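Here the structure comes first, spelled out in structure tokens, and everything after it is commentary.
Quick note: the coordinates plus some simple rules give every number you see, no bench work behind them. Quick caveat, the model's predicted, so the values are computed rather than measured. Cβ atoms come from the backbone with ideal geometry, glycine included; neighbour counts cover every protein chain shown.
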There are 2 protein chains.
Amino acid sequence: MSNPTAAVLVIGNEILSGRTQDTNSGTLARFLAPLGITLCEIRVVGDEQDEIVAALNALRARYTYVFTSGGIGPTHDDITADAVAAAFGVSISHHPEAMALLAERYAARGEDFNPMRQRMARIPDAASLIKNPVSVAPGFQLANVFVLAGVPSVLAAMLADLAPRLRRGAVMHSVTIAAPVAEGDIAAGLAALQQRFAEVSIGSYPYYRPEGYGVQLVARGISPEAVEAAAAGIEALLRSVGAQPVRL
Amino acid sequence: MSNPTAAVLVIGNEILSGRTQDTNSGTLARFLAPLGITLCEIRVVGDEQDEIVAALNALRARYTYVFTSGGIGPTHDDITADAVAAAFGVSISHHPEAMALLAERYAARGEDFNPMRQRMARIPDAASLIKNPVSVAPGFQLANVFVLAGVPSVLAAMLADLAPRLRRGAVMHSVTIAAPVAEGDIAAGLAALQQRFAEVSIGSYPYYRPEGYGVQLVARGISPEAVEAAAAGIEALLRSVGAQPVRL
């Protein structure tokens with residue numbers, strides 16, 4: 001059985017305006033990799049219901065799992081739950097357990113559990129909750145879609161509750177090798193190695209730093225033996241052009 | 001005439017594996033905003049021709065401009081130029097000017113202008129070059145698609161050459177106001193302000209830091225007067241709940 005696949009859908013005008021650097025997609029990428037779930041696509045769309053619905057329906061039809069980030073707070077621009085309900089064509093209402101959790105939180109803090117805060121308990125029908133150990137307001141799972149917070153610390157904290165719900169695949173092994181060499185001097189050799197180790201994905205990432213230029217070479221694959229053999233081939237290639245490889 | 005729209009297409013397995021944090025989409029977002037070009041969508045796909053072609057064709061049909069990042073180097077995993085040619089259904093060949101630029105660069109450095117390096121001169125027919133003042137290998141423009149490097153410093157340096165080719169729109173003005181207040185205490189007031197200032201987009205972004213929590217409120221719009229009026233409304237709202245607003 002091949003590995004499960006995934007997409008991330010980041011929702012928020014603040015990313016598109018350049019105000020905020022998205023880091024949630026990277027957090028999810030690093031969360032999924034050791035579970036053997038292949039992240040295939042990331043999309044960022046604004047706070048517009050039609051955009052969210054279209055993107056979500058495209059992604060959930062195509063990938064095993066979709067993880068959304070953002071738009072589940074109490075303010076008028078938090079429209080993700082309604083958009084997800086619309087995408088699935090299901091109704092949405094105040095979820096009793098989410099209402100109880102939030103009522104308890106605000107009572108404990110002496111804060112008003114007002115109608116806008118109650119919006120955070122609006123969950124599409126048939127969805128299950130995802131625990132939020134930071135600020136209580138839950139995420140939710142509906143079929144293969146996992147709806148998570150946009151605040152990075154809250155999104156990260158939600159992952160513990162959803163990890164057990166995911167089917168795992170074969171974990172990708174990877175080796176990264178750096179050397180102070182020009183990419184073009186090893187490109188033909190790398191292409192030959194890629195041909196020889198078809199089950200390993202070999203990536204080449206040049207860098208330019210004040211102290212000099214170089215390249216990081218990444219071999220990734222499911223078989224540790226194949227990855228190691230490809231890595232050894234890369235090291236031999238680097239030495240053949242007079243460069244000293246360093247494993248990172 | 002409404003503002004031009006744009007999408008960013010980031011190409012690279014290293015983003016999806018979680019190895020590299022994409023920052024190019026943020027660079028492009030901050031480049032486009034002051035030009036009055038509305039960034040509507042960001043996508044990240046892997047180094048797979050079919051994926052790149054499908055995403056590019058969806059985005060270039062929909063938005064005024066598409067900016068791609070990554071995959072234009074000399075190695076086997078650099079397939080963006082061929083994918084763009086395939087998406088447009090045009091042929092691709094070694095561009096004479098790009099060949100001359102690169103030949104000169106490698107001659108000056110005493111490096112071999114080998115066939116893999118010559119791949120960087122492969123440009124779809126009818127495309128125009130985009131100057132690369134950092135490492136010479138050019139980007140290119142084909143119709144409404146701008147193909148840029150993946151190395152952040154190179155991508156940033158290419159923007160100067162393409163800026164004059166873009167139609168500009170009305171610039172969005174924005175005011176950001178921070179206050180140590182719970183989002184839920186001002187959410188109803190914010191919703192009322194959003195209703196009142198329909199031409200201004202009001203966003204609410206909570207934060208949780210070791211020193212305490214709070215919210216950043218952003219008013220964005222084309223009319224400076226409307227943005228300022230909405231900002232004044234936000235400040236009055238914050239004072240009405242006992243919080244001291246700070247403009248950032």
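In table form, for the structure just shown:
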| read-out | value |
| --- | --- |
| Amide H contacts under 5 Å for A:Thr68, placed H, 5+ residues apart | A:Leu9, A:Phe146, A:Val147, A:Leu148 |
| Local electrostatic count at A:Tyr205 - Lys and Arg +1, Asp and Glu -1, tallied over other residues with Cβ under 10 Å | -2 |
| Per-peptide average of other Cβ atoms within 10 Å, ordering A:60-69, A:120-129 highest first | A:60-69, A:120-129 |
| Minimum Cβ-to-axis distance in chain A for the rotation onto chain B, with residue, whole Å | A:Arg43, 3 |
| A:Ile92 long-range amide H proximity, modeled H, under 5 Å | A:Asp125 |
| Inter-copy separations for B:Ser240, label at 7 Å along Cα-Cβ, nm, ascending | 7.3 |
| Residue-averaged 222 nm ellipticity for chain B, from DSSP H runs of 4+ at -39500 (n - 2.57), nearest 500 | -11500 deg cm²/dmol |
| Cα-Cα P(r), chain B, percent of pairs per 10 Å interval | 7, 26, 26, 19, 13, 7, 2 |
| Amide hydrogen neighbours beyond the local backbone of A:Asn132, cut-off 5 Å, H modeled | A:Gly139 |
| Note, ³J(HN,Hα) from phi for the stretch A:192-198, Karplus 6.51, -1.76, 1.60, rounded to Hz, x at Gly and Pro | 5, 5, 4, 4, 6, 10, 5 |
| In Hz, Karplus ³J(HN,Hα) per residue of the stretch B:218-226 (6.51, -1.76, 1.60; θ = phi - 60°; x = Gly, Pro) | 10, 10, 10, x, 7, 7, x, 5, 5 |
| For A:Ala143, net neighbour charge (Lys/Arg +1, Asp/Glu -1) across residues whose Cβ lies under 13 Å away | +1 |
| Contact order relative to length of chain A, as percent, for alpha carbon pairs under 8 angstrom and 6 or more apart | 17 |
| Backbone HN-Hα couplings from phi across the stretch B:20-33 [Karplus 6.51/-1.76/1.60, Hz, Gly and Pro as x] | 10, 7, 5, 10, 5, 5, x, 4, 5, 4, 6, 6, 6, 3 |
